[in-house]
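For reference, the structure is listed below as structure tokens.
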Amino acid sequence: MNGEALRSVDLRKTYESRGAPRVEALRGVSMEVHRGERVALLGRNGAGKTTFLKIASTLLRPSSGSVEVFGVDVTRAPEKARPYIAVVPQEGKPFFHLTPREQVYTYLRARGFARETAKSRTQDALARMGLDGFADRLSITLSGGQRQRTMVATVIATEAPLLFLDEPTIGMDPFARREVWSSLRDLTQKGSTILLTTHYLDEAEVLSHRLYIVESGVVLSSGTAEELKRSVGGTLKVFIAEGAAQVERFRSFGTCVTDGLSLTVIVNPARLAEVMEVVERSEMTATVGPVTLEEAFLRAVGRSINED
Amino acid sequence: MRTSDALAPARPFAGTFAFLWTEVLVQKNESLAMVTSMVVPGVLLVFVEILDPSLIGVALVGAILFSTFTMGQRVLNEAAYLRIDHKANDLYLAGPLTPEAYFLGMSFGILLVYLTPTVFLAVLATFVVPLSLAVGLELLALATLVWFSAASIGYIFSTFFRDNRAIWAYSSLFFNVFGVLAPVFYPIGLFPAALRPVVLLMPPSAAAALLQSAIGAATLSSGEVALASVGLVVETVALVVLAIWWARRTVRAD
């Protein structure tokens, strides 16, 4: 294995089909994922995250640009890149008439693992995902969250050098999500690299070494969660529920982001008292809290991550 | 941390057996589906027995070929269902399992599970049709060719659909038209002479015509024998090669 775990240069993808409008899903995405890193692509629905993952995982041809996985160009030599990768597809489901144990085991066998290795890894992956009690039940009888855990177990059991996870914890309860996060951390400690897409800000923040904020096929911002939060321009946020109309009165204090009727003012602690004075004079109410990734996202994109 | 064999570049057809076994496990839980695969040939055999018992031998060997042909419909349905509903292509093909192994593993898995009704029909045929060893071997060879061509057609067609509801209608239409309307269950002699070359170029009816000739239920000219046999072999090889090429081609969408 040579080079970075993943490197994309000016990656573009335009969907063109008869009777449908032309869609520019990716408009020059360049990024690097270093070995052993956990990197998140953060973006709203339709931002281009899944398109990027599909190209990087050899399942979609780009319109132009390149992606290399461990130095292998996935467009020119996909068959050489495939042994290095494993994918949790978005909205993927385990085979309904297999048990989670059969699902994981047969997948590992299909990837070329020896029987004993496949068996022990299956057991380990099921235990990690908290599926011990359901391992021998048909997947059709499992809940949506348990099926999703089976999908993640299937892929993490490969311990592939580069894992792509497209919304891996969707549909899971908070406890299960934490189990997934813990397993992914263990995997990177063992040497795997992870690129995931998510629109859960807490997941991106807790899990990732670095993040890329993507919108309309473009990377708008990247860095660690702390770097992104610092880039907002302050460490505190003042949320004013019906402050959008009064935005001009707050501009001098720091970054102002409107979202519908509400206004969020990003300030440094030194200026908080002045902001609160204006709030009081305007007979409005405000809540104060630390800046989160949500503000970083709002500032970069101009919209909330859940806004369609 | 990981075994070296799993990281080695995939050999052609690597993983075929593993995916075949996966498909057997997936299918074995639908034992009722195996029974339903007997419905169409079963009903036709009953009709033939009632309307003209002298044709039951022809209908029985036709039913054997029909049952191998309709395995293509199962490949079509299964491949499309797993791709659309389960995203199995994304899971399996973004990895070392080769596309040809995925296609052949799935097809052989379905064959293994649905072979029981075919074998049942073959056993039944031995009581009705004078099957010498040579005719038995010919039946086996022709059924194999029909199965390969049907599985290939099924897999190729599966890649064109985006909605399962459409697939179930069209796949049923396709396989029943070519397996029932064409002279598979009835002697080719009853089919309009002008259209014979057409049905002799279709895998199930070509195989049926050759079998009917072998058991003395139809008379084919040497030209027709050549057309049916060469056509069947050439078409099957071409379809399998095309399906493998197409499987590789469609791993990545445009």
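Details
- On a per residue basis, the convex hull of the C-alpha atoms belonging to chain B measures out at 144 Å³.
- Euclidean distance between Cα centres, region B:225-248 to region B:56-82, Å: 17 Å
- Residue-averaged [θ]222 nm for chain B, counting only DSSP H segments that reach four residues, each worth -39500 (n - 2.57): -23500 deg cm²/dmol
- Under a Gaussian network description of chain A, with springs only between Cα atoms under 10 Å, the residue in A:Ser143, A:Ser252, A:Ser17 that fluctuates furthest is A:Ser17.
- Using the Cβ of A:Arg101 as centre and a radius below 11 Å, the other residues enclosed give a net charge of -1, where K and R count +1 and D and E count -1.
- Local net charge near A:Gly254, Cβ-Cβ under 12 Å (Lys/Arg +1, Asp/Glu -1): +2
- Computed [θ] at 222 nm, helices only, for chain A once each DSSP H run of length n ≥ 4 contributes -39500 (n - 2.57): -9500 deg cm²/dmol
- Counting only DSSP beta bridges whose two residues both lie in chain A, roughly 65 percent are antiparallel.
- Helix B:99-128 and the longest principal axis of the Cα set of chain B meet at an angle near 30°.
- Spin-label pair A:Ser143/A:Ala270, simplified geometry with 7 Å Cα→Cβ offset, distance in nm: 5.0 nm
- Residue-span extension gain [A:Asp124 to A:Glu307] - 0.36 nm each, minus C-alpha spacing: 62.0 nm
- Inter-label distance, nm, simple model (7 Å from Cα along the C-beta direction), A:Thr285/B:Arg249: 6.5 nm
- Across region A:6-224, the relative contact order, built from alpha-carbon pairs under 8 Å that are at least six residues apart, equals 29 percent.
- For chain A, the number of Lys pairs with C-alpha atoms closer than 24 Å, counting only pairs eight or more positions apart or on separate chains, is 12.
- Degrees separating the helix B:16-28 axis from the principal Cα axis of chain B, which is the longest one: 70 degrees
- Set of region A:219-242 residues, backbone N closer than 18 Å to the point 7 Å along the Cα-Cβ line of A:Thr258: A:238-242
- Selection among A:Thr106, A:Gln189, A:Pro168 by position relative to the dipole of region A:6-224 gives A:Thr106 as farthest towards the positive end (Cβ unit charges, Cα centre).
- Centre separation in Å (Cα based) which lies between region B:127-189 and region A:15-91: 39 Å
- Using alpha-carbon coordinates, inclination of helix B:164-176 to the longest axis of chain B, degrees: 30 degrees
- Note on the protein assembly as shown: antiparallel DSSP beta bridges, both residues inside, total approximately 65 percent of the bridges counted.
- Cα gyration tensor shape for region A:108-167, rounded if a/c is under 1.5, else prolate or oblate: oblate
- R0 of 60 Å, Cβ-Cβ distance B:Phe47-B:Arg11: FRET efficiency to nearest 0.05: 0.80
- Taking all Cα pairs closer than 8 Å and separated by 6 or more residues, the relative contact order of region A:232-285 comes to 41 percent.
- Charge tally in the Cβ shell below 14 Å around A:Lys13, where Lys, Arg are +1 and Asp, Glu are -1, A:Lys13 excluded: +3
- Inter-centroid distance (Cα atoms) of region A:192-231 relative to region B:84-118, Å: 36 Å
- Note: relative contact order over region B:11-249, using C-alpha pairs below 8 Å and six or more positions apart, is 29 percent.
Values in this text are rule-based calculations from the coordinates and carry no lab data. Predicted model only: the values in this text are computed from it and were never measured. Ideal geometry is used to build each Cβ from the backbone, glycine not excepted, and the neighbour counts take in all protein chains shown.
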